[in-house]
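Taking it in order: structure first as structure tokens, then the write-up.
Rule-based calculations on the coordinates, nothing more; no lab input. Just so it is clear, the structure is predicted and the values come from calculations on it, not from any experiment. Here the Cβ positions follow ideal geometry from the backbone for every residue, glycine too, while neighbour counts run over all protein chains shown.
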Amino acid sequence: MSRFIVPMGFILLIILLGIGLTLDPREVPSPFIDKPAPDFNLPVLGEADKTLSPKDMLGQVWLFNIWATWCNACRAEHETLVALSKMGAVPIVGLNYKDENEMAQRWLQQLGNPYVVNAVDKDGRVGIDWGVYGAPETFIIDKKGIIRHKHIGPVYPQVIQETILPLVKKLQGEQG
Amino acid sequence: MTVVRNRFSVWHLGWLALIGIMLSALTAPAQAKIESIEFSDEQMEEDYKVLIQELRCLVCQNQNLADSNAELAQDLRQQTYELLEKGASREEVVEYMVTRYGDFVMYRPPLKATTFFLWFGPVVIFLIAVIVLVMFSRRQKQLPTATVTEQDQQKAHSLLDD
């Protein structure tokens, strides 16, 4: 009996460490899932006299994408976002996070603009309120203004097809 | 004889030094980044120091806010400072961070069902190791040990002396 203890312990340890390897420590579970989207009132990119609040989006399912021109991974996901916006399946609202207005506007002109509107978070306060710790991050918010999903890191076509679009479709079917 | 003893003490010194270095690495965290911040009272400064030691930088996950130079860490230090200056208590600052970043932001997470293994896993594994060790050493003792009789010893001596 006892001769099995050491190999058994060894196998258990391997299983434990193996599970550890499959987890991504960068994916910190967001405490915001199924909570109301934190409110803000920020100037609109390119239209400084206007402001944007998450309340403006009540009644529809929308994506909230945190991006910046200094963020390489944002550049990597940009084409995917542009393609998604052309499908017209869901409006994408941008949060231009700790960025320069001019550079952000130039980026959108050159690379295409997937956003229906962009809020300017110059000092990153709203980013903190939303628990942002590394752009890009993408939230899915339902018709009632509740955060239902958070994707950390760049959005790739696979993520759109397998996660975002199915969830958006499901949420659009819910009562507003 | 003295030579041997000296060698032993050198060995011991070496081990002591090594253990000392390891202990100091454990207890003294890296020097916090120096930022010139003015606090309106000493308690706040104390709270600030404790908080930035205990809050994790989420970008560079194995550093706390005090040690990290990441932009987010700078912002969160600033936020911590401002909250304290507004009269928030330590617990309120921690709560502010946890509602935004989750329990992971704390280096000492609360005891919950999900963090149970995190808290007690090492103790459990240690206990298992001790039990296994005791079991094995007991079994070793039960093995018959070679006994040398007086006669054999005298025989060996006489053989060696020749």
With the structure loaded, tell me whether residue A:66 is within 13 Å of chain B (Cβ to nearest Cβ), under 30 Å from residue A:174 (Cβ atoms), in contact with a strand residue (DSSP E or B) (Cβ under 6 Å, 6 or more places away or on another chain) and surrounded by 13 or more Cβ atoms within 10 Å (Cβ to Cβ) or whether it fails that test. yes
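Before we move on, is residue B:122 more than 11 Å from chain A (Cβ to nearest Cβ), farther than 19 Å from residue A:124 by Cβ, surrounded by fewer than 16 Cβ atoms within 10 Å (Cβ to Cβ) and not basic (Lys, Arg)?
On the way: more than 11 Å from chain A (Cβ to nearest Cβ): yes; farther than 19 Å from residue A:124 by Cβ: yes; surrounded by fewer than 16 Cβ atoms within 10 Å (Cβ to Cβ): yes; not basic (Lys, Arg): yes.
So residue B:122 fits the description; yes.
In segment A:1-72, which strands (runs of 3 or more DSSP E) lie fully inside it and hold 2 or more residues that are touching a helix residue (DSSP H, G or I) at 6+ places or on another chain (Cβ under 7 Å)?
Working: elements: A:42-44, A:47-52, A:62-67.
Here the list reads A:62-67.
Could we say that residue A:19 is within 14 Å of chain B (Cβ to nearest Cβ), more than 17 Å from the chain's Cα centre (by Cα) and either acidic (Asp, Glu) or closer than 30 Å to residue B:106 by Cα (or both) here?
Details: within 14 Å of chain B (Cβ to nearest Cβ): yes; more than 17 Å from the chain's Cα centre (by Cα): yes; either acidic (Asp, Glu) or closer than 30 Å to residue B:106 by Cα (or both): yes.
For residue A:19, the condition - within 14 Å of chain B (Cβ to nearest Cβ), more than 17 Å from the chain's Cα centre (by Cα) and either acidic (Asp, Glu) or closer than 30 Å to residue B:106 by Cα (or both) - is met.
Within segment B:129-140, can one find any residue that is within 14 Å of chain A (Cβ to nearest Cβ) and under 20 Å from the mean Cα position of the chain (by Cα)? Working first, answer last.
At the first step, the residues of segment B:129-140 found to be within 14 Å of chain A (Cβ to nearest Cβ) are B:129-140.
Among the residues that remain, those that are also under 20 Å from the mean Cα position of the chain (by Cα) are: B:129-130.
So far as segment B:129-140 goes, yes, one or more of its residues are within 14 Å of chain A (Cβ to nearest Cβ) and under 20 Å from the mean Cα position of the chain (by Cα).
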When you go through (1) assigned to a loop (DSSP other than H, G, I, E, B); (2) within 12 Å of another protein chain (Cβ to nearest Cβ) one by one for residue B:110, which number turns out not to apply? (2)
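Could you tell me which of the residues A:132, A:61, A:44, A:93 is within 14 Å of chain B (Cβ to nearest Cβ) and out of contact with any Pro (no Cβ under 7 Å at 6 or more places or on another chain)?
The unique qualifying residue is A:132.
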Only one of these is more than 14 Å from chain B (Cβ to nearest Cβ) and not small (Gly, Ala, Ser): A:56, A:24. Name it. A:56
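Sort through B:104, B:117 and tell me the only one that's farther than 21 Å from residue B:57 by Cβ, within 13 Å of chain A (Cβ to nearest Cβ), out of contact with any Pro (no Cβ under 7 Å at 6 or more places or on another chain) and among the aromatic types (Phe, Trp, Tyr).
Sole residue among the options that is farther than 21 Å from residue B:57 by Cβ, within 13 Å of chain A (Cβ to nearest Cβ), out of contact with any Pro (no Cβ under 7 Å at 6 or more places or on another chain) and among the aromatic types (Phe, Trp, Tyr): B:117.
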